[in-house]
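The structure appears below as structure tokens.
The values are calculated or read from the model by the stated rules, or taken from the named source; none is laboratory data. What you see is a predicted model; the values in this text were computed from it and never measured. Neighbour counts run over all protein chains shown; Cβ positions are idealised from the backbone, glycine included. To get the accessible areas, we keep the full protein, side chains included, count just its heavy atoms, and leave off ligands, DNA and RNA. Shrake-Rupley method; radii C 1.70, N 1.55, O 1.52, S 1.80 Å.
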Amino acid sequence: MHELGIILSLADTLKETARENHVSGIVSVTLGIGEVSGVVPEYLTDCWQYFRKKDPLFAGADLKIETLPAVTFCRSCHGTYETVRYGRACPLCGSEDTFLLKGTELIIHEIEAVSEEGD
């Protein structure tokens with residue numbers, strides 16, 4: 001389960017960001033997860049539920065997940081299409097000379113926080 005490792009890395013990033021920006025608490029974190037990233041959102045949420053209880057900076061913080069669509073590019077016709085729906089073969093021309101443009105990402109979209117000054 002690499003989701004726990006992702007949460008630990010996320011926690012390190014959040015701690016560093018909090019320190020740099022004088023943040024006293026995290027209210028929520030929104031992640032964008034590519035639909036072919038291999039990350040299981042339910043496992044990630046379970047790990048977050050466990051981990052957030054271990055650090056006061058994250059206590060009560062929500063984890064929000066947005067699914068980012070996978071998109072494939074066809075070298076033959078220069079079209080793009082939905083990877084999950086059509087797979088490797090281009091639905092526009094039938095070519096298998098394709099490559100994944102996006103859909104493997106795991107990015108922090110937003111951090112909602114409380115500053116040390118109370119803002």
Restricting attention to the range 27-60, which residues are β-branched (Val, Ile, Thr) and either farther than 18 Å from LEU106 by Cβ or out of contact with any Gly (no Cβ under 9 Å at 6 or more places or on another chain) (or both)? VAL27, VAL29, THR30, ILE33, VAL39, VAL40, THR45
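Conditions (1) touching a Pro at 6+ places or on another chain (Cβ under 9 Å); (2) aliphatic (A, V, I, L, M); (3) at pLDDT 95 or above, marked per residue:
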residue: VAL23; (1), (2), (3): no, yes, no
residue: THR30; (1), (2), (3): no, no, yes
residue: GLU66; (1), (2), (3): no, no, yes
residue: PRO69; (1), (2), (3): no, no, yes
residue: THR83; (1), (2), (3): yes, no, yes
Selection from the range 14-37 of residues without any contact (Cβ under 8 Å) to a residue 40 or more places away in the chain and over 12 Å from LEU57 (Cα atoms) yields GLU20
Report yes if THR98 is loosely packed, with under 15 Cβ neighbours inside 10 Å and without any contact (Cβ under 8 Å) to a residue 40 or more places away in the chain, otherwise no. no
Breaking point among (1) open to solvent by 60 Å² or more (accessible area, probe 1.4 Å); (2) within 15 Å of ILE7 (Cβ to Cβ); (3) assigned to a loop (DSSP other than H, G, I, E, B); (4) among the hydroxyl-bearing types (Ser, Thr, Tyr), for THR104: (2)
Assess whether ILE6 counts as being open to solvent by 50 Å² or more (accessible area, probe 1.4 Å), in contact with a Leu (Cβ under 7 Å, 6 or more places away or on another chain) and of a type in the set (Val, Ile, Thr). no
